[in-house]
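These notes are about the structure you will find just below.
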Amino acid sequence: MKLALVSDALDPTNGWGRYAGELARELIAAGVDLRLVSPRSLATMADLRDYRDHVEIPSFQHGRRHPVRVLQRTFPSIRRALRGADVIHCLVEPYAPAVALAAGRRPYLVSLVGTYSIPSGRPMIERWPLRWALRRARGLPAISGYTRRRVESDVDVTQTSVVPLAVRTEDFQRERPPHRESGLIVSVGECKPRKGFDLALEAFAQLKSEGVADRYVMVGPVNPTAPYVVGLRGRIRELGLDGDVTLTGMVSEDELVDWYYRARVVTMPYRLAGSDFDGFGLVLLEANACGTPVVSARDSGAEEPVVHGENGLLVQPDNVPALTDALRTVLTDATYWQALAEGARRRAAAMSWRRSAQRLLDVYADVLGSRLEARA
């Protein structure tokens, strides 16, 4: 039985690409008869770019994102790419309507990764086709329980499950990691409202005034003209923290890992920003792989990787005093920090891509009534 995985760029620097690429690798390793359907030229994972059964389709992310244009651009190539496939799994929600049309009577699944999985948050022209595609799907694996609940309440579906993001801990091992800075707070991700960097900034300002924290570093892409970034920089100046707060912009994978090791704590106070939300919070698990405790928000995707009091702390969203208290605890209680650091490594080791792939194989078995057999 041939399984077709439909994805966009197989690129570990973005959530869709990491999720699709790592699961594809594990399914191939498990011997599943797999076809990759993605923009081959955008696959930065060389082993997947050169995979023997890899069929090219246009990119959603790197083309015009108007839903009608996406459907017109992708449907013909997706239909051709799915010839001979018995089961289809769409890992990028904007492709779902085209996949649903091309699948015909064949069973298909759609992964629920984040903001794009909520039809009510999409433009009207996109809302109905996405809702139709999700309701027709035989399975809807979500990357977190939070994302699963959001979709269930929005679309009224029951064929959901959870196949979480994961981490490859060996990618974060360093023989000589950088020195850990006792007063360094780090956040990681593109500078946008749902990441809650402004909340972390206010908490840092208070902790800096108490002599508890020394530096706050925001690691990730920055659009200097975005209103959120302009407002954030203005607030930094108002607080007189220009010399204590850094927005790094895009960094390499090695530089990112260095920041995880340098940090005393990584904080991502996720929040809802209109219809936008973070479905998992992979950077929290990556920080854990480096032995770094994390502080994040409840009622967000962070509830999947973070077990409160084990590998980090969770506070109520949009609550600066609670965030400040949690960060203060992690920064000042050395015994508690050590316990969280040990729990962080355990949590990262437990949430492996092999484990997630096994969960996905179980989902396929439930959907199909039998397990996918390995190639002969």
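We did not get these values from a lab; they are worked out from the coordinates using the rules stated. All figures in this text were calculated on a predicted structure; none of them were measured in a lab. Positions of Cβ are backbone-derived with ideal geometry, glycine not excepted, and every protein chain shown enters the neighbour counts.
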What 222 nm value per residue comes from the helices of the chain, counting each DSSP H run with n ≥ 4 as -39,500 (n - 2.57) and dividing by all residues, nearest 500 deg cm²/dmol?
-> -13000 deg cm²/dmol
DSSP bridge pairs, segment 169-350: antiparallel proportion in percent, nearest 5 | 10
What net charge do the residues around His308 carry, taking every other residue with its C-beta under 13 Å from that of His308, with Lys and Arg at +1 and Asp and Glu at -1?
-> -2
Have a look at Val230, Val155, Val320 and tell me which one the Gaussian network model of the chain (Cα, springs below 10 Å) gives the largest fluctuation.
-> Val230
Hey, what angle do you get for helix 15-29 against the long axis of the chain, alpha-carbon based, 0 to 90 degrees rounded to 10?
-> 60
Footprinting proxy, Leu10, Leu130, Leu5: sorted fewest to most Cβ within 10 Å, the residues are Leu130, Leu5, Leu10
Summing Lys, Arg as +1 and Asp, Glu as -1, what charge do residues with Cβ under 11 Å from the Cβ of His54 carry, His54 excluded?
-> 0
Most exposed first by the Cβ proxy, i.e. fewest other Cβ within 10 Å, how do Lys208, Lys195, Lys2 rank?
-> Lys2, Lys208, Lys195
Could you list Met218, Met250, Met268, Met45 in order of exposure, starting from the residue whose Cβ has the fewest other Cβ atoms within 10 Å?
-> Met250, Met45, Met218, Met268
Find the all-direction average of the projected area of the Cα convex hull for segment 222-376, expressing the result in square nanometres with one decimal place.
-> 12.9
Relative contact order, percent, the chain [alpha-carbon distance under 8 Å, six or more residues apart] = 15
